[in-house]
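The values are calculated or read from the model by the stated rules, or taken from the named source; none is laboratory data. As the structure is a computational prediction, the values presented were derived from the model and not from experiment. All Cβ positions, even for glycine, are placed from backbone atoms using ideal geometry, and neighbour counts span all protein chains on display.
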Amino acid sequence: MKTRLSIITVALIIMSACHAQKMKVANSTMPKTHTITLKKGELFLVAIADQKKGKEKLLQDYFGKIMPSAMKNGFTPLGQLHIDDVVKANNFKPNNFIGLFKWPNMQSIQAFMSDYTPEQLKKLRTPIWNEFKAHMIAIQEDKNLVMDQNKMYEVKTYWTKDMVQTNMIHKYGGKIILNQPVAGYEDLQGNKAPNQIVIIEWSNPKKADKFNKMNMLKSEREEVFYTHFTLFP
């Protein structure tokens with residue numbers, strides 16, 4: 001059973017933070033690598049969306065309402081994966097980037113929900129996004145995700161009965177950054193949740209293309225994005 005109650009709330013905050021904190025710092029002023037620290041019990045969030053055109057003012061207003069309560073309860077932006085290529089996503093046309101965030105625990109989300117009900121949030125979000133997908137991962141042990149701004153990151157979500165086996169990725173030059181089941185999921189269309197999310201580091205897109213042409217990771221359905229990492233300012 002996927003956790004849905006928390007993601008209804010989480011999903012609304014995530015892309016607000018992304019768009020309200022767009023990257024404006026020159027690459028020369030930033031470190032080449034960054035470590036995202038995740039502790040056991042935290043909830044790691046990967047969010048991706050298709051924002052409607054001309055809704056920047058609504059997004060700003062939404063952000064101003066939602067974020068003070070979210071930040072008060074421990075919601076933390078961790079970075080963003082700018083989308084360079086939508087490799088496979090059916091009719092989904094996300095814009096800009098994939099947001100990375102975390103909550104301290106489920107209690108922090110419930111505290112936020114005492115300020116904003118799912119019904120209130122749904123009324124606010126519907127005019128802003130065509131589609132919104134939020135994936136929640138329950139961290140079972142301490143993790144450090146080392147992200148390099150000079151590398152390419154492939155984000156894959158899978159709809160399968162069992163976890164996809166990824167042991168061949170290293171052979172083709174890839175490095176597994178994250179390979180976890182999706183514990184909670186929400187999208188605007190109410191679609192079936194993926195069961196797994198994988199983030200792979202590649203030195204360049206050609207290596208990722210070569211591996212993907214081999215079609216070694218079998219799944220009923222998948223969504224694939226080529227990205228690069230930057231910090232929030």
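Restricting the search to region 126-173, which residues are assigned to a loop (DSSP other than H, G, I, E, B) and of a type in the set (S, T, N, Q)? Give the derivation first.
The first filter runs over region 126-173 and keeps only residues assigned to a loop (DSSP other than H, G, I, E, B), leaving 126-128, 139-142, 149-151, 160-169, 173.
Selection gives 126, 140, 149, 150, 160, 165, 166, 167.
Criterion first (within 30 Å of residue 220 (Cβ to Cβ), in contact (Cβ under 8 Å) with a residue 12 or more places away in the chain and not in a helix (DSSP H, G or I)) does residue 122 satisfy it?
Details: within 30 Å of residue 220 (Cβ to Cβ): yes; in contact (Cβ under 8 Å) with a residue 12 or more places away in the chain: yes; not in a helix (DSSP H, G or I): no.
So residue 122 fails the test.
Residue 183 falls short on exactly one of the conditions (1) surrounded by fewer than 19 Cβ atoms within 10 Å (Cβ to Cβ); (2) at pLDDT 95 or above, and that condition is (1). Restricting 166, 117 to those that are among the hydroxyl-bearing types (Ser, Thr, Tyr), touching a Leu at 6+ places or on another chain (Cβ under 8 Å) and modelled with pLDDT under 95 reduces the list to 166. The residue that is surrounded by the most Cβ atoms within 10 Å (Cβ to Cβ), counting only those in region 109-150 that are basic (Lys, Arg) and more than 18 Å from the chain's Cα centre (by Cα), is 122.
If you go through region 61-83 and keep only what is of a type outside the set (Gly, Ala, Ser), in a helix (DSSP H, G or I), closer than 23 Å to residue 230 by Cα and in contact with a Ser or Thr (Cβ under 9 Å, 6 or more places away or on another chain), you end up with 63, 67. Within region 41-49, not a single residue is of a type in the set (D, E, K, R), at pLDDT 95 or above, surrounded by fewer than 16 Cβ atoms within 10 Å (Cβ to Cβ) and closer than 30 Å to residue 141 by Cα.
Of all residues in region 84-100, those being surrounded by fewer than 19 Cβ atoms within 10 Å (Cβ to Cβ) and either in a loop (DSSP other than H, G, I, E, B) or of a type in the set (D, E, K, R) (or both) number 10.
Going through region 128-137 one residue at a time, which ones are touching a Pro at 6+ places or on another chain (Cβ under 9 Å) and within 17 Å of residue 39 (Cα to Cα)? Don't jump to the end; show me each part of the working.
Our first condition is that a residue be touching a Pro at 6+ places or on another chain (Cβ under 9 Å); within region 128-137, this holds for 131, 133, 135, 137.
Answer for region 128-137, where residues must be touching a Pro at 6+ places or on another chain (Cβ under 9 Å) and within 17 Å of residue 39 (Cα to Cα): just 137.
If the condition is being part of a strand (DSSP E or B) and either aromatic (Phe, Trp, Tyr) or over 20 Å from residue 145 (Cβ atoms) (or both), then region 177-222 contributes 185, 186, 187, 202, 221, 222.
Given 155, 198, which one is of a type in the set (A, V, I, L, M, F, W, C), within 24 Å of residue 106 (Cα to Cα) and buried (at least 19 other Cβ atoms within 10 Å of the Cβ)?
Numbers: 155 fails: within 24 Å of residue 106 (Cα to Cα).
Within the list 155, 198, the selection yields 198.
Restricting 140, 149, 110 to residues that are within 25 Å of residue 34 (Cα to Cα) and at pLDDT below 95 narrows the list to 149.
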